[in-house]
Every structure is written in C-alpha cells, then in structure tokens.
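**Q** Attaching a single structure in structure tokens format; questions to follow.
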Amino acid sequence: MRPTALLCIVLLTGCSTQPVDSFSGFVDDYFKAAFAASPSFATATGIHDYDGQIEDLSAAAVQKRIAVLEAQQSRLDTILKNQKLNAEDAMDAEILKSQILAELHETKVLETWRKNPMNYVGGPGGSIDLLMKRSFAPAKDRLKLVTSRLRGVPPMITALQANVQNPPREFTDLAIRIAGGSVGFFRDTVATWAKDAAAGDAALLAEFKTANDAAAKSFEDATKWLKEDLLPRSKGSYAIGAEAFSKKLLYEEMVDIPLDKLLAIGEANLAKDYADFVATAKLIAPNKKPAEVMTLLEADHPTEADLIPSSKRTIESIRNFIIEKKIISLPSDVLPHIEETPPYARNGGFASMDTPGAYETKATEAFYYITPPEKEWPAKQKLEHLKLFNRSVMDVITIHEAYPGHYTQFLYAKQYPTKTRKIVGVASNAEGWAHYAEQMMLEQGFGKDDPKIKLAQLHEALLRDCRYLAGIKLHTQGMSVEDATRIFEERGMQLHANAYEEARRGSYNPTYLYYTLGKLMIYKLRGDLQQAQGASFNLESFHNQYVKQGAIPIPLVRRILLPGNTASSL
C-alpha cells in the first residue's frame, strides 16, 4: 500500500496517531530491498528468505537498484524533515543515509560495475560457499538451494561480458586468477560436497550436476574470455580522483578530514613506526640492517604443509592472555575454524575472518582463513609467501583476525543494540579495531617484551601505513602500481612478491587506509575518554563498551561514549 493511501485511511478513520511513515518501517524496507538486490548478503547476515537466489548483475538490475536507492534517499529525507526521532533512531538514520550515499556513489559515479570484473567472478563462489559451509538447514535442503543459486551463475558471466568494457589491467589480471581458481572449486569442492549432501538421492544429485556443470563451464569460458578478449583491451585507469576519494571516505566512514591533512597524518605515522622498527631491529641484531633483521624472523616460517597447523597453534595462548590480563570480556568459549582461503576469495589478501551474521541462529561457525601459496607459483614466490607467516608475525595476524580482533567483534554481534547496527559495519571501525588490537596487546604485555614480537607488530603496522599512503597516492596523485610496490618494499619492509600484491590491491581498494586511520581514531577516543574519566578509567570496560556499539563509524562511537565532547576524531 502506498504511503499516500495509508494517509487517507488514517484521516478518514481518525483511529491512529502513529506517523504515516515510521522510521522502523523504513529500516525494514531498506534492508528488505538490500537483501533482494544482494541475496548473498542476506544469507551472510543470517536471513534465509533469499537463499535460493543469487545476485543479478545485469545493467538493467543495476539501474533498478539505483532507482530504489534514490527513492529511499528521498523517503528518508522526508522522515527526517517531518519527524523528531529519538537519539537511537536518529543515529541509525545517519548510518543508513550514509550507506545509501555510498552505494549511489559506487554505482553512479565510480561505476565499478562497469570497470571491475572481479565483482562478477568473485561473487558466485562465495555465494555458494555460504550455503555449503554453515549447517543452518539439513544438507539436502541446502543442496536444493545451491542448485538454485548455481542456475544464476551463467547469467552473471553474461553480465560480466556485457558490462565490463575497459577495466584497468590490474583488475583483469586478478579476475583471471579468481575465475581460473573457481573452476576447480565448482568441479571439485562443490561437487564433492553435493555428493555427500544428496545422501543417495540420484534425482537431486542429477539436478545439481546439470546446474554445476553449467556454472563451471561458464567460469572456464570466463577465464578464456578474460585472457584472450578483455585483457588485451584492459587499458582503463584505476585512479578515482581526489574528489571521489574524499566522498567515498565521507560516505563510507563518516570521515571528512581534508586530503592534505590526511596524507600528512599518514606520513607522520609511517615515519614514527619506521623509526621504532629500526630501533627494535637493533635490539635483535645491532650489526644488521633493519630489513636483514626481518629476514631472521622470516627464516622461522612454516612449510606449505604446516601452514594451517601452525596457525592453529597461535589461538589458545593468545586467548588465555586476554582472559588473564582482562583485556576484554569474551562472551563465548567456542573457537573459530582455521582453514585455507577458498579459491574464489584469493584476491591478494593473506588472512581473513569469515563470521556468520548477527541474525544467524543455527549455523554459527566462524572461519579463520589463511591463504596458501598457489600451486602454479614458482618456488621462489611460494617461499616469499610462506615467509610472511613466520612465527612472530603469525601471532600478530591471529590477534588481528581472531582475539581480540575480528572474531571477538563477532562474538559481541548479538549484543549490538539495533537492527541497523547488527547489519551495517564500516571498515575503519572493524579493521581499525583489529589493527588497534595488535599494538594494544603488546602494550599490555603480550610477548613479554620479546623484541621479535615487537618487530613483527611494527612490520604489520608499516604494512598498514604503506596501504594508507599508497591508497591516497594511487588514486589522487597519479602513482603507478610499480611505484606503490617500491613504497611497500622500501618503507614497509615487504618482500617484492608481497609488496606487489599489496600495491595492486590498492588499485581496486582505494580507501584501504582504514586500518591505520581506524586505529588512530580509536587511540584518540581512548585518550579523550581516559582524560574525561580520570582514575575511574578502566581499559577492559572501554574495550567492552566500544565493541558493544557495533562496527559503526567511529565518529558515532565517540558521540555515544563521550556525549557532548566536540573534539576532533583524530
């Protein structure tokens, strides 16, 4: 029913004093439309009404989504103009308005759907895997849903070929890797799972096989098309420009710091961390250059076969330290599963945490993914990749991804106070918190002042500092990926293979400065809160209260924890 029709009924009956268009109704409609446009997002959130569907990435669907967002923007503006919302709803309205602006900016201004083939070849594997890896329903029922989603994969590849015309070469190179790896994922991983899930039901398995064979074939065709057709004409620019960069940061993270000030903050933080790295390296081997000292740590790396087992060994000791030192309250004793990063998700990252959404009630498993070397890589590249997972750095990675980083954030998700905060999360909060945790844990005594652990933490900090600078310079100052690679090598102490992966990531992830940016904003918030509370300040209480708010923009967390404080976020 149209709101205008509803208004007529209210006026005629005189039986209701409720606002015609309530904010709670808007919130429900906003997410309903978001889930319809992105069924995989719904599944990840724990909403299973869209599990049989997959994203429609056709140009017509994109234009339809733009129209929906513009209508929602107008509707929300009307609500804000005509109604006095309570403080909680007013904050949620700010969050959703920013989300709408961010998505419109991405689709209408940046037009990534026309420029990035990774969006097409990376989505199907993740969408299918969401149904396979979490047991929210009997396996047979999930197999039916998998089959239904698989039928939508060939149209997604058709949309790729119709929409993407002149992407940057960097995007196409990564899309080829993802598409090629996904062929094996569908033919092997998905097919093996389906055989078990069918439990002898030949008709169900045959139906699946038809859909899966078509999906795998579409990825084979996509890989060939990407290599032979799109790659030779991939000559587009990845740089989005200063204005678009600033708006992206404002809409997505609610950060409005001018670019020149933002860059100066990043340069200063990199200089500080670099000086600390040099000083710490001298404590380990005073006669060696800092980069050479890092190689001493890298020598203690796992083999390819021991990569996952070595990752598992870091979990328990870190968790015990958090409990003993009262770093943050842990709402659950359940540990995450540690597994190899699935092929469809190998887009240049080294580790990640995949957790179920706040509305998932049955399939509550979380997955801590570690990216192995690719089988086709030469021995030297494999070795450089494995060196990243040396013993000292692995502790820091686990702090970031698991305790008290992303996995701990997930454990608090059901405590987030509103529907909007349970579903919406921004990178500067989520990644900023995990990066803050790395430094904070050592400050609280983790590693017992071992300079090797400190060097590893600083190595991770330098990596994020270089992302900060590379993102800005790649997109607003004409920097090339090759020049950005040198930043990671020379100032971030990264080996060449890893430095190149990091620099190339910046080409498609402009604002990956959010790690360092978020960390600095959290430290600023903590310092301001400590100054306000004085002797009553308690670190564990601060951490508990911070994480309980949800992964909302940090300026809003400041408003909650420091009401009336008008100091800068940074």
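The values are calculated or read from the model by the stated rules, or taken from the named source; none is laboratory data. Predicted model, so just to flag it, every value in this text is computed and none were measured. Counting neighbours? That spans all protein chains shown, and the Cβs are built from the backbone with ideal geometry, glycine included. We work out accessible area using only protein heavy atoms, side chains counted, and drop any ligands, DNA or RNA first. Shrake-Rupley method; radii C 1.70, N 1.55, O 1.52, S 1.80 Å.
**Q** Show the residues, 5+ positions off or on another chain, whose built amide H is closer than 5 Å to the amide H of residue 338.
**A** Those lying under 5 Å, H to H, from residue 338 are 368.
**Q** Okay, moving on. Near residue 80, within a Cβ-to-Cβ distance under 15 Å, what is the net charge of the other residues, with Lys and Arg +1 and Asp and Glu -1? Mind showing how you got there, number by number?
**A** Working: positive: 75, 81, 84, 97; negative: 21, 77, 88, 89, 92, 94.
Computed value for this residue: -2.
**Q** Among the trypsin sites (Lys or Arg not before Pro) within the range 500-570, which fall in a DSSP loop and have no more than 16 other Cβ atoms within 10 Å of their own Cβ? Numbers along the way, then the final one.
**A** Details: sites: 504, 505, 519, 524, 526, 548, 558, 559; in loops: none.
In loop regions of the range 500-570 (DSSP not H, G, I, E or B), there are no sparsely surrounded trypsin sites (Lys or Arg not before Pro).
**Q** What does the highest-first list of 427-433, 302-308 look like by mean Cβ count within 10 Å? It would help to have the intermediate numbers written out before the result.
**A** Working: 427-433: 24.1, 302-308: 14.1.
Most protected by this proxy first, the peptides run 427-433, 302-308.
**Q** Using the Karplus curve 6.51 cos²θ - 1.76 cosθ + 1.60 with θ = phi - 60°, work out ³J(HN,Hα) for each residue of the range 140-146 in order, rounded to whole Hz, and write x for Gly and Pro.
**A** Values per residue, Gly and Pro as x: 4, 5, 5, 5, 4, 5, 4 Hz.
**Q** If amide hydrogens are placed 1.01 Å from N in the peptide plane, which non-local residues have theirs closer than 5 Å to the one on residue 355?
**A** Here 367 satisfy the definition.
**Q** In the range 394-461, what trypsin sites (Lys or Arg not before Pro) fall in a loop by DSSP, with at most 10 other Cβ atoms inside 10 Å? Walk me through the intermediate numbers first.
**A** On the way: sites: 414, 419, 421, 422, 448, 452, 454; in loops: 448.
Sites meeting the loop and neighbour criteria: 448.
**Q** I'd like to check one number: the per residue accessible area of the range 454-570, probe 1.4 Å, reported in Å² as a whole number. Kindly include the intermediate steps, with their values, before the conclusion.
**A** Numbers: 3720 Å² over 117 residues.
Heavy-atom accessible area per residue stands at 32 Å².
**Q** Over the chain, what is the percentage of antiparallel beta bridges among all DSSP beta bridges, to the nearest 5?
**A** On the way: 4 of 8 bridges.
In the chain, approximately 50 percent of DSSP beta bridges are antiparallel ones.
**Q** At a Förster radius of 51 Å, what calculated FRET efficiency corresponds to the Cβ-Cβ distance of residue 295 and residue 85, to the nearest 0.05?
**A** Calculated value: 0.35.
**Q** In sequence order, what are the phi-derived ³J(HN,Hα) couplings for the range 508-524 according to the Karplus relation 6.51 cos²θ - 1.76 cosθ + 1.60 with θ = phi - 60°, rounded to whole Hz, with x for glycine and proline?
**A** 10, 10, x, 9, 6, 6, 4, 5, 5, 4, x, 4, 5, 5, 5, 4, 5
**Q** Keeping all protein chains in the complex and leaving out DNA, RNA and ligands, what accessible area do you get for residue 359 with a 1.4 Å probe, in Å² to the nearest 10?
**A** The accessible area of residue 359 comes to roughly 70 Å².
**Q** Whole-Hz ³J(HN,Hα) for each residue in the range 205-220, computed from phi via Karplus 6.51 cos²θ - 1.76 cosθ + 1.60 with θ = phi - 60°, x for glycine and proline: what do you get?
**A** 5, 5, 4, 4, 4, 4, 5, 5, 4, 5, 5, 4, 5, 5, 6, 4
**Q** All other residues with a Cβ under 13 Å from the Cβ of residue 130 taken together, and with Lys, Arg as +1 and Asp, Glu as -1, what is their net charge?
**A** It works out to a net charge of -2.
**Q** Take the Cα of residue 480, step 7 Å along the line toward its Cβ, and report every residue of the range 207-244 whose backbone nitrogen sits under 16 Å from that point.
**A** Once the point is set 7 Å along Cα→Cβ of residue 480, 235-239 turn out to lie under 16 Å by backbone N, inside the range 207-244.
**Q** Which pairs in the list 64/133; 419/548; 97/524; 448/548; 224/382; 133/375 are over 20 Å apart, alpha-carbon to alpha-carbon?
**A** Numbers: 64/133 31 Å; 419/548 13 Å; 97/524 26 Å; 448/548 29 Å; 224/382 25 Å; 133/375 24 Å.
64/133; 97/524; 448/548; 224/382; 133/375, as the Cα separations exceed 20 Å there.
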